[in-house]
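The block underneath contains the structure these notes are about, expressed in structure tokens.
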Amino acid sequence: MQERRRDDGQLHALGDMRCFHGPIPLLADTPRGRWIDNRMIERLWRSLKYECVYLNAFETGSEARRGIGAWISYYNEKRPHSSHGLLTPAEAYDTANQNLKAAA
């Protein structure tokens, strides 16, 4: 049985599983808790906090859900990302899919 670390740092022992539902298991040779292990999600949380949460004084949970949901839609569909050559994630994903279809 192989031991794998989930993206939240918890350890789980996985046997011969054909289908795994839940957080994506990470096979990492790095020590637990290094920032580089989760740098993409840490950057997302930082952007969410500074661009949405800290700028809006959400009064209720439902208001926060709507506001954060709107920001996530903006982040994925309208906000250009330097890591994608100033494309939005949606545009980068569509471009990648078209390239894969053309290659097939």
Return the distance in nm (one decimal) between the two label points of a simple spin-label model at residue 81 and residue 47, each offset 7 Å from Cα along Cα→Cβ. 0.6 nm
Extension gain residue 39-residue 73, at 0.36 nm per residue separation less the Cα-Cα distance, in nm? 10.2 nm
For the stretch 39-103: rounded, prolate or oblate by the Cα gyration tensor [a/c cutoff 1.5]: prolate
Mind listing the phi-derived Karplus ³J(HN,Hα) values for the stretch 82-91, rounded to whole Hz, using 6.51, -1.76 and 1.60 with θ = phi - 60°, and x for any glycine or proline? 5, 5, 10, x, 6, 8, 6, x, 5, 5
Taking amide H positions as placed in the peptide plane 1.01 Å from N, state which residues far from residue 87 in sequence (5 or more) or on other chains have amide H under 5 Å from it. 81
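Coordinate-derived values only; no laboratory data. Keep in mind that this is a model prediction, so the values were computed, not measured. Every residue, glycine as well, gets a Cβ built from its backbone with ideal geometry; the counts of neighbours run over all protein chains shown.
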